[in-house]
1. Just checking, does the range 126-141 include any residue being crowded, with 18+ Cβ neighbours inside 10 Å, touching a residue at least 40 places away in the same chain (Cβ under 8 Å), within 13 Å of the chain's Cα centre (by Cα) and closer than 16 Å to residue 72 by Cα?
2. Can we say residue 87 is at pLDDT below 90 and either crowded, with 17+ Cβ neighbours inside 10 Å or in the same structural domain as residue 21 (by TED's automatic domain parsing) (or both)?
3. Any residue in the range 157-166 that is at pLDDT below 95, part of a helix (DSSP H, G or I), over 12 Å from the mean Cα position of the chain (by Cα) and crowded, with 18+ Cβ neighbours inside 10 Å?
4. Residue check: is residue 32 surrounded by 12 or more Cβ atoms within 10 Å (Cβ to Cβ), in the same structural domain as residue 127 (by TED's automatic domain parsing) and either closer than 30 Å to residue 152 by Cβ or at pLDDT below 55 (or both)?
5. If you take the residues in the range 1-19 that are touching a residue at least 24 places away in the same chain (Cβ under 8 Å) and within 18 Å of residue 133 (Cα to Cα), which one is surrounded by the fewest Cβ atoms within 10 Å (Cβ to Cβ)?
């Protein structure tokens with residue numbers, strides 16, 4: 001038998017899908033558990049709920065991927081702005097109003113910032129993909145990434161606080177372990 005929501009295989013006595021949390025119908029359907037003499041199990045409405053991690057994991061992962069793309073895009077915009085203002089550093093086709101200031105004295109500054117931005121972009125995208133795929137290490141990686149990103153004004157701070165709200169509490173750690181370690185591994189591709 002398979003879950004009607006996510007397609008995950010479920011055992012005959014299982015009441016709720018372990019992957020998506022959807023209740024498994026057990027009424028007298030031909031071939032269902034009632035056909036084999038197992039009495040139907042009625043799930044009370046209070047037993048069917050999604051935990052905070054279940055509800056917000058997909059959106060958190062997608063937001064981390066979008067944040068990584070946004071970081072790279074904003075740095076590309078900043079570099080194009082700097083190439084207009086500080087034209088002598090980024091190319092000799094235009095001498096900006098400031099001449100070689102400040103990059104004449106700091107030739108390593110722009111490449112260093114570019115490497116740091118690329119590192120943050122890669123870390124954000126890897127975190128998002130790991131969360132979406134529910135990798136066992138994704139919770140710890142997301143928490144580390146959130147703590148590293150919390151000082152980035154506006155979007156980084158908001159995303160870091162959202163990630164910490166979803167994944168940091170002790171209850172979230174238990175929900176994460178239950179969600180990740182009770183699922184059978186997917187097909188190897």
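1. For the range 126-141, residues crowded, with 18+ Cβ neighbours inside 10 Å, touching a residue at least 40 places away in the same chain (Cβ under 8 Å), within 13 Å of the chain's Cα centre (by Cα) and closer than 16 Å to residue 72 by Cα: present.
2. The answer is yes for residue 87.
3. No, the conditions are met nowhere in the range 157-166.
4. When the stated conditions are applied, residue 32 does not pass them.
5. Among them, the one singled out is 9.
The values are calculated or read from the model by the stated rules, or taken from the named source; none is laboratory data. Here the structure is a predicted model, which means the values were calculated and not measured. Counting neighbours? That spans all protein chains shown, and the Cβs are built from the backbone with ideal geometry, glycine included.
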